[in-house]
Amino acid sequence: PRPGPPRPPPAARGRALAEWTRQARATAAPGAPEEGSAPGIGLTAARRALVVSGTPVAVARPYVATLAPVANIAVGDETPWGVAAELAELVPDTASGTYAEGATAADVLAAAGDRTIVAVVRDAHRHAWMAQAVAALISARPDTVVVEMGLPRARPSGAFHVATHGAARVCGRAAAEIIAGA
């Protein structure tokens, strides 16, 4: 094979990319969405990645129970995930709570009262306590909506099950839209 033209050193390529990025931002159309904002490509991909099972439930007064795993080196505490904030934007009377390992379905049921429960889990296949809590919630309240974020490996459960195939903020937004019927 013939050798191509000589490539600049990596540092020069990095500087060239940084300059190109500055120029692209400076010439972007006014009002163009920024990276990560709706209706950006990330939200479009998140909407397409959803897998929905069951029958949509009318969620007028949701209680979002986020069953949160312990943060790890890959996903720290500062990384936002879930659907509570996103659903609250779409359904004004949304209430929510976050539950750590050791929390039970009784804790969620007490906080939810008569609201429709939206149980949000991330990588539930790795956390037995989450799977047990969700099963108990569905047993007590068959209308429970389950949102499985991260790597969806659990069998769909609940009256309505939404698998997001990710845990980024856009995944939460896409799930919230489906739950709210938006």
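The values are calculated or read from the model by the stated rules, or taken from the named source; none is laboratory data. Being a predicted model, the structure only gives us computed values, none of them experimental. Reconstructed Cβ throughout: ideal geometry from the backbone, glycine too, with neighbour counts over all protein chains shown. Quick note on the areas: whole protein, heavy atoms, side chains included, nothing else; ligands and nucleic acids left out. Shrake-Rupley method; radii C 1.70, N 1.55, O 1.52, S 1.80 Å.
See the values below:
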{"item": "Label selected from (i) 1.02; (ii) 1.13; (iii) 1.25, the criterion being Rg/Rh (Cα atoms, Kirkwood Rh) as computed here", "result": "(ii)"}
{"item": "Charge dipole of the chain about the Cα centre (unit charges at C-beta), most positive-ward option of GLY40, THR144, ALA95", "result": "GLY40"}
{"item": "Accessible area, probe 1.4 Å, largest first, for residues ILE138, ILE41", "result": "ILE41, ILE138"}
{"item": "Positive-end residue of HIS165, VAL57, ALA11, charge dipole of the chain with Cβ unit charges", "result": "ALA11"}
{"item": "Within the accessible area of the chain (1.4 Å probe), percent carbon and sulfur", "result": "58 percent"}
{"item": "Cα-based helix-to-principal-axis angle, 128-140 vs the chain, degrees rounded to 10", "result": "50 degrees"}
{"item": "About the Cα centre, charge dipole magnitude for the chain (Lys/Arg +1, Asp/Glu -1 at Cβ), debye", "result": "940 debye"}
{"item": "The chain: angle of helix 10-26 to the longest principal axis, Cα-based, in degrees nearest 10", "result": "70 degrees"}
{"item": "Between helix 169-180 and the chain: long-axis angle, C-alpha atoms, 0 to 90°, nearest 10", "result": "40 degrees"}
{"item": "Taking the chain and dividing mean pair separation by its residue count, relative contact order in percent (alpha carbons under 8 Å, at least six apart)", "result": "27 percent"}
